[in-house]
Amino acid sequence: MKLIIVILSGADTDNVIHKLLERDFRFTRLTSSGGFLRRGNTTLLIGTAAERVDEAVETIRGAAETPAEPGHRGAMIFVLDVQRFEQL
């Protein structure tokens, strides 16, 4: 099991969410702000099987816009191991 944390610019959020849902990824959406993208952002928490991580990352990569301004990032993606998962 893996946890993918995605920090997106506000402009990319709807498109990325739509594409993830099309591929049957489930996630929690959080409004965030801070140092990575330096403006209002959306953070997605995606729990998925290890074998689907590449599919999720490619889906996000294809749906997020390439930033028009040099030095800006369109998305930040972190992939973490999950030691324990319980669904109640």
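Values in this text are rule-based calculations from the coordinates and carry no lab data. All values derive from a computational prediction rather than experimental measurement.
Going by alpha carbons, how many degrees (0 to 90, nearest 10) lie between the helix axis of 10-22 and the longest principal axis of the chain?
Between the helix axis and the principal axis of the chain, the angle is about 30 degrees.
Given axes a ≥ b ≥ c from the Cα gyration tensor, I'd like to know whether the chain is rounded (a/c under 1.5), prolate (a/b larger than b/c) or oblate.
Numbers: a/c = 1.92, a/b = 1.59, b/c = 1.21.
Note, shape of the chain comes out prolate.
How tilted is helix 53-63 with respect to the longest principal axis of the chain? Cα atoms for both, answer in degrees (0 to 90, nearest 10).
With rounding to tens, the tilt is 30 degrees.
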